[in-house]
Amino acid sequence: MKIFSHITLLTVTFSLFVLGPSHNSHAEMARWKVDHAHSTVGFQVAHMVISKTNGKFTDYSGFIDMDAVTQKVKALEVVIQTQSVFTDHNKRDKHLRSPDFFDVEKFPTMTYTMKSYKKTGDTFTAVGDLTLLGITKEITLVGTMNGVAKDPWGNIRAGFTGEGTINRKDYGMKFSATLDTGGLLVGDEVTIKLEMEVIKEKPPATKTKKG
C-alpha cells in the first residue's frame with residue numbers, strides 16, 4: 001500500500017506560494033501553520049493492477065517557515081498520526097492499522113522534515129526525510145504554488161498542491177499477494193497527494209506599560 005502526506009507530510013508538504021503585492025509590501029520570514037480544515041494529506045496505490053485505491057490521513061499537524069514575498073522556504077515539518085488512516089472502508093482501514101501495514105500501536109506517527117527547497121517558475125521541489133515504521137528515507141515532493149489571500153477575518157492564507165512517490169517496501173511494509181495473472185494484490189509504489197492550506201501566525205500582541 002502506498003502511503004503517503006504530508007507530507008505531510010506533510011507534507012507534508014510539505015511548500016509554496018505566490019503573494020500578491022496587495023497583501024504585503026515587504027519581505028518577511030514567518031511561521032505558517034497547516035489549516036487542517038482546508039487541507040488533505042492523501043495517497044493512492046494500485047489494487048490488483050486493474051484499479052487504484054485512494055486514502056488519506058485525518059489527523060496531522062505541521063508548519064512552514066517561509067517568506068511569501070520572496071517565496072523562500074526555510075523549514076517544513078509535518079507529523080501524521082497513523083491511526084487516522086482512512087479509505088472509506090472499515091475492514092480495510094483496520095487492516096491498514098495492523099502490523100501488516102502501519103502497525104499503529106508500535107509506530108503511532110510518521111514524520112516529514114524538509115532538507116532543501118527549490119523553486120523554478122511556478123513549480124517547487126522539496127527534498128526531505130520521511131520516517132515511517134521507524135525507517136527514514138529521503139523523498140522528493142514536487143508541486144505548484146497556488147497563491148496567497150486574506151480571508152474575511154484578517155488571516156493571511158497560502159495554498160499549494162504537491163505530489164511524490166515512495167516504495168512502501170523501502171519502509172518494511174511488505175504485505176501483498178501474487179495474483180494468478182502474475183500481478184500484485186497491492187502495488188509497491190505509493191503516490192503521495194497533498195492539497196495544503198496554511199495560515200500565517202500573527203505576531204503576539206504588544207503589552208502597553210502602565211503609567
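A few remarks follow.
- Close pairs from the stretch 71-96: first on the phi > 0 side of the Ramachandran plot, partner of a type in the set (A, V, I, L, M) and surrounded by 15 or more Cβ atoms within 10 Å (Cβ to Cβ), Cβ under 8 Å, at least 6 apart: GLN71/LEU16; GLN71/VAL18; GLN71/LEU19; GLN71/MET145
- For the stretch 128-143, a residue qualifies if it is in a loop (DSSP other than H, G, I, E, B) and surrounded by fewer than 12 Cβ atoms within 10 Å (Cβ to Cβ), and exactly one does: GLY134.
- Residues of the stretch 102-127 that are modelled with pLDDT of 90 or more and either of a type in the set (Lys, Arg) or not in a strand (DSSP E or B) (or both): PHE102, ASP103, VAL104, GLU105, LYS106, PHE107, PRO108, LYS115, LYS118.
- So LYS174, is it more than 29 Å from ASP122 (Cα to Cα) and either exposed (fewer than 15 other Cβ atoms within 10 Å of the Cβ) or modelled with pLDDT of 90 or more (or both): yes
- Any hit, the stretch 107-127, residues being on the phi > 0 side of the Ramachandran plot, surrounded by fewer than 12 Cβ atoms within 10 Å (Cβ to Cβ), charged (D, E, K, R) and out of contact with any Cys (no Cβ under 9 Å at 6 or more places or on another chain): no
- Selection status of GLY143, modelled with pLDDT under 95 and under 22 Å from LYS56 (Cβ atoms): yes
- Top-ranked residue in the stretch 49-89 [being part of a loop (DSSP other than H, G, I, E, B) and exposed (fewer than 15 other Cβ atoms within 10 Å of the Cβ); ranked as modelled with the highest pLDDT]: THR58
- Residues of the stretch 30-80 that are out of contact with any Ser or Thr (no Cβ under 7 Å at 6 or more places or on another chain) and among the charged types (D, E, K, R): ARG31, LYS33, ASP35, LYS52, ASP65, ASP67, LYS72, LYS74.
The values are calculated or read from the model by the stated rules, or taken from the named source; none is laboratory data. Model, not experiment: these values are computed from the prediction. No Cβ is skipped: glycine too gets one built from the backbone with ideal geometry, and neighbour counts run over all protein chains shown.
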